[in-house]
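The values are calculated or read from the model by the stated rules, or taken from the named source; none is laboratory data. The model shown is predicted, which means the values in this text are computed figures rather than measured ones. Methodologically, a virtual Cβ is constructed for each residue, glycine included, from the backbone with ideal geometry; neighbour enumeration extends over all protein chains shown. Keep in mind that these areas ignore ligands, DNA and RNA; they rest on the heavy atoms of the full protein, side chains included. Shrake-Rupley method; radii C 1.70, N 1.55, O 1.52, S 1.80 Å.
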Number of protein chains: 2
Amino acid sequence: MTQIGGAMRREMQDQPEALAAMAGRLPGLIAELRGAGVHRRAGLAILARGSSDNAARVAAYSAQVRSGMPVSLLSPSVYTSFGQTTERYGDWVVLAVSQSGQTPEIVDLAGRFREAGSLVVGVTNDENSALAQTASVHLALGVGPETAVPATKTVTAQMLAGTAVAAAASDAQLDPAAVASLGDHAAALLDDASALDPAVRAVTAAGKVAMVGRGFAAAAAFESALKLQETTGILAHGFSTADFRHGPVRLAVGGTPVVAFAGSTAPDADTTALVADVAAHAPALLVAPHGDVTFAATEPEFEAILATIRGQQLALAASLALGLDPDHPSGLSKVTMTE
Amino acid sequence: MTQIGGAMRREMQDQPEALAAMAGRLPGLIAELRGAGVHRRAGLAILARGSSDNAARVAAYSAQVRSGMPVSLLSPSVYTSFGQTTERYGDWVVLAVSQSGQTPEIVDLAGRFREAGSLVVGVTNDENSALAQTASVHLALGVGPETAVPATKTVTAQMLAGTAVAAAASDAQLDPAAVASLGDHAAALLDDASALDPAVRAVTAAGKVAMVGRGFAAAAAFESALKLQETTGILAHGFSTADFRHGPVRLAVGGTPVVAFAGSTAPDADTTALVADVAAHAPALLVAPHGDVTFAATEPEFEAILATIRGQQLALAASLALGLDPDHPSGLSKVTMTE
């Protein structure tokens, strides 16, 4: 018997094993990236779309914090529409992230950056993909086929791959105990979804939600908003907590529910304070190591990964509560996906 | 007699004269920036929050298109929370944008970047502000006091200042005829607001909207969404058109209205096509040189400025239609604005 949402749920459940397996490969991946000279490059440029772009934000923020290197989020249209050249990135790392490794604009641009001298690190789930073959260094996710339309296990594995790139760019080491326990932490979360019930009720009742996070947790907020949009059609807006205070906080005053993601670093304190500030006005839920919905704190990049799993749980539960099929979001195929 | 929304409306009406005055100063500003060596720098880093950040996106995209230089959107928390050093930006331009020139984190960071060797271009509306005094080069907006909470004339002037920075970074010249006519184009828009009535009705009825744009027009989409959030509390989400197709298009299929901003460059064709694709599912309005709501096409940066004025008109009209006071958005001061 086929269960509604069965594919998304199964692929979410694959994450503890997939993350543990990739965590075991991390020291080797970091050594390979250092061997390729990631840490000697002038900056890190990100080439990705959609969930892959959200995942790459972990690498972007982590590289800035760990090494201070400039990070650029590339706009593909600069090259594909305006014919700009890639030469000014000749001494940069370009991190190209695509689950399939087949997205034409990503593959084409990765090749143009490599020709200009960029060190292109490709992250895909298919070792034989065009992007894998174009990249200077390929990091395989190795998480097995993903069949549900909403990407889950590939996203958290991409975040872990991005952590390897950021770690390779700096002299800092990842805590071996944190690396070893990542899979177990993910398994514990997946066994404990009921703490999200109040958020599921608030979000489905309001039909809208603001998702906020700052620093490492911003990636979880953006990705969770996208996941909820895809699975339910609910307008979920991801914000940096600091930007949310510059105007959009008006939304909470008007009753828009707030789901806030925070880990245990200094910027996360701003997010925790925001939840306290808005709670008098709107339903507000804190996904944090010691929040309404908890996850175990480890390295800050891993906090982003675990918080992202919480967002997946919320999207899956909200979709089922609304009687929708999260594996096949209605209507997506009805709109032509031009490039 | 005080008119509700009078300040926001008056400040919007100041734009033709303010933009024309600044346009007249553009050749001198560009020469000053080239004299300071903007075009010899390794990259352009953006330091801004809220509307100023949306305005700076014009400079960010324009610099990439015109010169191919790397652009980095700085995360202040990397420096303020994690204590990272600014030294790797020693050969960059840092564009610091703040209407008041007093935002503590912007002023403090601008100083730290300048100490590291960055060429800090400060853009403020107060020649005596802390940021004006900290910057290597200061570009004064000179648009007079802004009293309404939603920023309008300072935002479009910031976009024009950012255009000067991007132009200075490249060898391309701005079209003198386009520069000379910018104020007149803005005046024509402000005399013609009724084309937005269908959008005002759709957005206020739905209580939500997706605002999309790609390339130069993305800045107009992000800023218009923020303006609508601030004036009405309606959840307005700004998206890059390309990202919108990667999942969030599900929102339109579910009936979320779409307001799309497009100019006349190649990436804008993608936005125009999107509107046609979603029109069968949801109310969709095209703000474009030849769209449902029109504006005159000039340089692409100026298209972003004119489209942004259209977004201001929508926010003002929606606020008044809902019986709200856009000058003083309800509740914003009820929430503590911590830093």
If one builds a Gaussian network model of chain B from Cα atoms under 10 Å apart, the most fluctuating residue listed among B:V179, B:V121, B:V253 is B:V253
Note on chain B: contact order normalised by length, alpha-carbon pairs under 8 Å, 6 or more apart, percent, works out to 20 percent
Across 10 Å bins beginning at 0, the whole-percent shares of Cα-Cα pair distances in chain B come to 6, 27, 34, 24, 8, 0
Everything considered on the Cα gyration tensor (a ≥ b ≥ c; rounded for a/c under 1.5, else prolate if a/b is larger than b/c, else oblate), segment A:6-174 must be described as oblate
If each part is reduced to its alpha-carbon centroid, segment B:34-79 and segment B:189-220 end up apart, in Å, by 27 Å
For segment A:46-138, the per residue accessible area (1.4 Å probe, Å²) is 30 Å²
Extension length gain for A:A172 and A:A280 (0.36 nm per residue less Cα distance), in nm, is 34.8 nm
With Cα coordinates, the longest principal axis of chain B makes an angle with the long axis of helix B:176-190, in degrees rounded to 10, of 40 degrees
If labels are modelled 7 Å from Cα along the Cβ direction, A:Q13 lies from its partners in the other copies at nm distances, smallest first, of 6.5
Rounded to the nearest 100 Å², the accessible area hidden between A and B, summed over both chains at a 1.4 Å probe radius, is 6000 Å²
Here the FRET efficiency for A:D292 versus B:Q102, based on Cβ atoms and R0 = 45 Å and rounded to 0.05, is 0.80
If each K or R counts +1 and each D or E counts -1, the residues other than B:A148 whose Cβ falls under 13 Å of its Cβ total -2
Carbon/sulfur accessible area of chain A, % of total, 1.4 Å probe, equals 50 percent
Rounded to a whole number, the mean other protein chain Cβ count within 10 angstrom for residues of B:55-68 is 3
Note: segment B:192-321, point scatterers on Cα, Debye, no solvent; log10 I/I(0) at q = 0.13, 0.19, 0.22 Å⁻¹ equals -0.42, -0.95, -1.31
Under 5 Å from the placed amide H of B:L141, counting only residues 5+ away or on other chains, we find B:T124, B:N125, B:D126
Computed curve, the protein assembly as shown, Cα-only Debye sum without solvent term, log₁₀ I(q)/I(0) at 0.09, 0.12 Å⁻¹, is -0.69, -1.34
Looks like segment A:91-213, by Cα gyration tensor root eigenvalues a ≥ b ≥ c and the a/c under 1.5 rounded cutoff (else prolate when a/b is bigger than b/c, oblate otherwise), is prolate
Computed over segment B:135-235, the relative contact order (Cα-Cα under 8 Å, seq sep at least six) in percent reads 19 percent
When chain B is treated as a Gaussian network with springs between alpha carbons less than 10 Å apart, the largest mean-square fluctuation among B:L109, B:L131, B:L228 is found at B:L109
Shortest first and in nm, the label-point separations between B:A177 and its counterparts in the other identical copies (7 Å out along Cα→Cβ) come to 7.2
Each residue of A:215-221 has, on average, a number of other protein chain C-beta atoms within 10 Å of its C-beta equal to 1
Helix A:50-67: inclination vs chain A longest Cα principal axis, degrees, rounded to 10, gives 70 degrees
With the label set 7 Å along Cα→Cβ, A:S194 is separated from its counterparts in the other copies, in nm and shortest first, by 6.1
Distance in Å, no decimals, from the C-alpha centre of segment B:86-155 to the one of segment B:231-253 is 31 Å
Here, B:N128 and B:A269, labelled 7 Å along Cα→Cβ, have an inter-label distance in nm of 5.3 nm
With -39,500 (n - 2.57) per DSSP H segment of 4 or more residues and division by the full residue count of chain B, the 222 nm estimate, nearest 500 deg cm²/dmol, is -15500 deg cm²/dmol
Partner shielding of A:81-88, taken as the mean number of other chain Cβ atoms within 10 Å, equals 5
Once normalised by the length of segment B:70-227, the mean sequence separation of its alpha carbon contacts under 8 Å that are 6 or more apart gives a contact order in percent of 13 percent
Output row, site A:T147, 7 Å Cα→C-beta label point, backbone N cut-off 20 Å, window segment A:207-234, residues A:231
Per its Cα gyration tensor (rounded if a/c is under 1.5, else prolate when a/b beats b/c, else oblate), segment A:266-326 is best filed as oblate
The ³J(HN,Hα) series, computed from each phi in segment A:226-238 with the Karplus coefficients 6.51, -1.76 and 1.60 at θ = phi - 60°, rounded to the nearest Hz and given as x for glycine or proline, is 4, 4, 5, 4, 5, 7, 10, x, 6, 6, 10, 10, x
Judged on accessible area alone, 1.4 Å probe, highest first, A:H237, B:H290 line up as B:H290, A:H237
So the FRET efficiency between B:R25 and B:D192, C-beta based with R0 = 22 Å and rounded to 0.05, is 0.20
